[in-house]
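Colleague: Below: one structure in structure tokens.
The values are calculated or read from the model by the stated rules, or taken from the named source; none is laboratory data. Since we're looking at a predicted model, the values are computed, not measured. With ideal geometry, Cβ positions are generated from the backbone for all residues, glycine too; neighbour counts draw on all protein chains shown. Calculation scope for accessible area: heavy atoms of the full protein, side chains included, ligands and nucleic acids excluded. Shrake-Rupley method; radii C 1.70, N 1.55, O 1.52, S 1.80 Å.
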Amino acid sequence: MTAPVTAQSIGAISCHVCGLLVSKRFIAEHRADCPRCDAALHSRKINSLNRTWALLIAAAILYIPANVYPVLTLISFGRSTTNTIMGGVIELAQSGQAVIAVIVFVASVFVPIFKIAALLFLVVSVQLGLKVQRRKRALLYRFTEFIGRWSMIDIFMISILIGLVKLQALATVTAGPGAIAFAAVVIITMFAAMSFDPRLIWDDEGNDNDG
């Protein structure tokens, strides 16, 4: 089977910002920045796999309190009610808001765990030097990056709810520790996706120490 043609195999570097192919000869003779967008050029992200591993472990640890601790506390007429993410999903479903319940479940439960699992699979596959399904793994990375931006729906809903309740002076709503942990999971998984270098998928070995 013919090896895929990559920027590295033809002596070039692909800009990670605009995608421009710049020859290593041009870099040696002129500058190490992209001539189109001025971004710093590097063949591979330094310590990409190590940084991604660290971020994924942190996200996996924080995912537990994000789902165990309450995301909000509602105090109305002297009565206090707390809800976890799953508790809120169940309550929405029982109150007839099935569509909203599904949206919250997908954005707040499924998407974060999917991102962690997908990035974990990509990191392990690169470290094992798998040469199969490279195109599908590259598409998986792009999809993982795309859906990451929708993971904050739960936090947005809490923020809107707090604002509306305070405007009406009907009750007191405060974000719980679960919301903080969940926001941390979303942010850390975003950084994990950014730290992973998808160009490693097309290498024969998972060498991520190139500058």
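Colleague: On the basis of being within 18 Å of the chain's Cα centre (by Cα) and open to solvent by less than 20 Å² (accessible area, probe 1.4 Å), does Leu139 make the cut?
Modeller: Details: within 18 Å of the chain's Cα centre (by Cα): yes; open to solvent by less than 20 Å² (accessible area, probe 1.4 Å): no.
The answer is no for Leu139.
Colleague: Report, by residue number, each residue of the stretch 157-211 that is crowded, with 16+ Cβ neighbours inside 10 Å, modelled with pLDDT under 55 and among the acidic types (Asp, Glu).
Modeller: Asp208, Asp210
Colleague: Now for a separate question. Name, by its number, the condition in (1) open to solvent by 60 Å² or more (accessible area, probe 1.4 Å); (2) assigned to a helix (DSSP H, G or I); (3) at pLDDT below 75 that does not hold for Ser80.
Modeller: Unmet for Ser80, out of (1) open to solvent by 60 Å² or more (accessible area, probe 1.4 Å); (2) assigned to a helix (DSSP H, G or I); (3) at pLDDT below 75: (2).
Colleague: Would it be correct to say that Gly87 is surrounded by fewer than 17 Cβ atoms within 10 Å (Cβ to Cβ), assigned to a loop (DSSP other than H, G, I, E, B) and not polar (S, T, N, Q)?
Modeller: No, not satisfied.
Colleague: Let me ask you something else. Could you please find all residues in the stretch 33-55 being in a loop (DSSP other than H, G, I, E, B) and either modelled with pLDDT of 95 or more or of a type outside the set (A, V, I, L, M) (or both)? Steps first, please.
Modeller: Initial filter on the stretch 33-55 (in a loop (DSSP other than H, G, I, E, B)): 34-39, 41-47.
Listed by number, the residues that qualify are Cys34, Pro35, Arg36, Cys37, Asp38, His42, Ser43, Arg44, Lys45, Asn47.
Colleague: May I ask you to list the residues in the stretch 95-119 that are open to solvent by 70 Å² or more (accessible area, probe 1.4 Å) and not polar (S, T, N, Q)? So that I can check it myself, show each step before the final result.
Modeller: First pass over the stretch 95-119, keeping only residues open to solvent by 70 Å² or more (accessible area, probe 1.4 Å): 95, 97, 99, 102-103, 105, 110, 113.
Selection gives Val99, Val102, Ile103, Phe105, Phe110, Ile113.
Colleague: State whether the residues of the stretch 56-69 include one that is modelled with pLDDT under 80 and more than 30 Å from Ile201 (Cβ to Cβ).
Modeller: No, there is no match, as no residue in the stretch 56-69 is modelled with pLDDT under 80 and more than 30 Å from Ile201 (Cβ to Cβ).
Colleague: Exactly one condition in (1) polar (S, T, N, Q); (2) modelled with pLDDT under 80; (3) over 25 Å from Phe191 (Cβ atoms) is not met by Ser23; state its number.
Modeller: Every listed condition holds for Ser23 apart from (2).
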